[in-house]
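Colleague: Supplied in structure tokens, the structure appears directly below.
The values are calculated or read from the model by the stated rules, or taken from the named source; none is laboratory data. Nothing here was measured: the structure is a model prediction, and the numbers come from that model. Don't worry about glycine lacking a Cβ; one is built from the backbone with ideal geometry, like all the others, and counts go over all protein chains shown. All accessible areas refer to the heavy atoms of the entire protein, side chains included, with ligands and DNA or RNA removed. Shrake-Rupley method; radii C 1.70, N 1.55, O 1.52, S 1.80 Å.
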Amino acid sequence: MHPYEGGRPPSVRRALARGNHPRGSDVVRACAHCTYDRSGDRVLQGRRRRGRRVASLGVFTAALWLCAGGLFTPPVAQASTEGCGGRLARTVTFGTGEVRVYKSRNQACAMTVARVSGERRRMTVSIQPRGGAPVREAGRFTRYAGPVTVGAINRCVYVKGSVGAGSGGSGWILC
């Protein structure tokens, strides 16, 4: 439906009533999106509209591919600089500290915490999903090493950690 009441803008109705139009052609252009011929019938401009549809379909398809690409990529293993998210699922203790394992919906996280904080000493933490590569962090820390995170949706993980001379491992857990 045309935005003007009666289907045609007033300028087109006047031009059609007089039988002439200043352009002198068979087609009278009424506004930016409609075209009328001399008999007053509305003529659609199919080529222009088809081009807009193809362009918008191309943009939509590109956006869909970008969104779907993120769904099919595996989660990236990473060592983060903040604490672990999720709930505390397991604690593996040993003489000089403990390894805390956290589990969220789609990832597992581990960090080694020293029993006594203070001076810098050698600490390591490692977490490995079953079928994946281990993610490690090692260095000289005062309180904790990690956290390290892996994607672990329905996967077992193996966790190891050490503080100074003491170390501990979990075996396959969170299965």
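Colleague: I'm checking my understanding of the structure. Among residues of the stretch 159-169 that are open to solvent by 70 Å² or more (accessible area, probe 1.4 Å) and of a type outside the set (A, V, I, L, M, F, W, C), which one is nearest to Asn106 (Cα to Cα)?
Modeller: Within the stretch 159-169, the first condition is being open to solvent by 70 Å² or more (accessible area, probe 1.4 Å), and the residues that meet it are 160, 165, 167.
Now drop any that are not of a type outside the set (A, V, I, L, M, F, W, C), which leaves 160, 167.
Numbers: Lys160: 20, Ser167: 27 Å.
Here the residue is Lys160.
Colleague: Count, please, the residues in the stretch 128-158 that happen to be surrounded by 13 or more Cβ atoms within 10 Å (Cβ to Cβ) and in a strand (DSSP E or B).
Modeller: The total comes to 17.
Colleague: Return a yes/no flag: does the stretch 112-127 have any residue that is surrounded by fewer than 16 Cβ atoms within 10 Å (Cβ to Cβ), closer than 19 Å to Trp172 by Cβ and out of contact with any helix residue (DSSP H, G or I) (no Cβ under 6 Å at 6 or more places or on another chain).
Modeller: Among the residues of the stretch 112-127, not one is surrounded by fewer than 16 Cβ atoms within 10 Å (Cβ to Cβ), closer than 19 Å to Trp172 by Cβ and out of contact with any helix residue (DSSP H, G or I) (no Cβ under 6 Å at 6 or more places or on another chain), which makes the answer no.
Colleague: Another question, if that's okay. Report, by residue number, each residue of the stretch 92-108 that is open to solvent by 10 Å² or more (accessible area, probe 1.4 Å) and of a type outside the set (Gly, Ala, Ser).
Modeller: Residues of the stretch 92-108 open to solvent by 10 Å² or more (accessible area, probe 1.4 Å): 92-96, 98, 100, 102-107.
Matches in the stretch 92-108: Val92, Thr93, Phe94, Thr96, Glu98, Arg100, Tyr102, Lys103, Arg105, Asn106, Gln107.
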